[in-house]
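Worksheet for the structure shown next.
Values in this text are rule-based calculations from the coordinates and carry no lab data. Quick caveat, the model's predicted, so the values are computed rather than measured. Here the Cβ positions follow ideal geometry from the backbone for every residue, glycine too, while neighbour counts run over all protein chains shown.
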Amino acid sequence: MAGLAHSPLEAAALIMDVVPLVMRRMRKEMRSRRMSGLSLPQFRTLIFLRRHEGASLSQVAAHVGVGLPSMSKIIESLVRRDLVTRVTSASDRRCVNLSLSNPGLATVEEARRETEARVAELLAELSHQQRAEVYGAMQALQAAFDGAEPLSKTPRGAAHANH
């Protein structure tokens with residue numbers, strides 16, 4: 001019910017229920033708009049590199065959920081397509097930093113714009129007041145979670161100590 005105060009635990013439970021629904025829809029929209037000929041792991045690699053410029057092969061492999069040999073092949077194919085660049089670290093020649101090339105960034109940005117347009121269509125079905133509430137809630141969540149320590153680093157039991 002709008003306007004009623006809810007406990008942090010109730011808000012957390014609702015977030016845990018709603019965010020996966022929203023993310024599932026957004027992932028579906030992004031996947032449907034990926035560049036022709038890109039596999040899902042290749043596309044997920046591009047998206048990760050958009051947010052983590054200069055990431056290592058190991059970091060990307062961990063995010064995408066593939067082993068290093070598979071990720072190496074994915075990166076090689078993206079480099080050949082001029083979507084990703086590899087730069088050897090000046091301080092450690094064994095380290096290679098990965099980044100999106102301009103065409104790679106354009107590919108991700110186009111899919112993002114198209115997905116945002118689809119999400120906007122879904123939000124257009126809400127009233128002006130509901131959209132204002134969603135916007136305000138997203139700003140509050142961004143402020144609460146931006147820069148927050150990862151949940152996995154919280155000692156067991158500490159998450160419930162201050163409710």
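The packing ranking, built from the mean of other Cβ atoms within 10 Å per residue, places the peptides 11-18, 101-108 in the order 101-108, 11-18, highest first. Charge tally for R112 (other residues, Cβ to Cβ under 13 Å; Lys, Arg +1; Asp, Glu -1): +3. For A11 and A90, the difference between the fully extended length at 0.36 nm per residue and the C-alpha to C-alpha distance is 23.8 nm.
Applying 1/(1 + (r/R0)^6) with R0 = 45 Å to the Cβ-Cβ distance of S127 and R50 gives a FRET efficiency near 0.85. Here the chain is treated as a sphere whose radius is the Kirkwood value from Cα pairs; by Stokes-Einstein at 20 °C and 1.002 mPa s it diffuses with a coefficient of 115 µm²/s.
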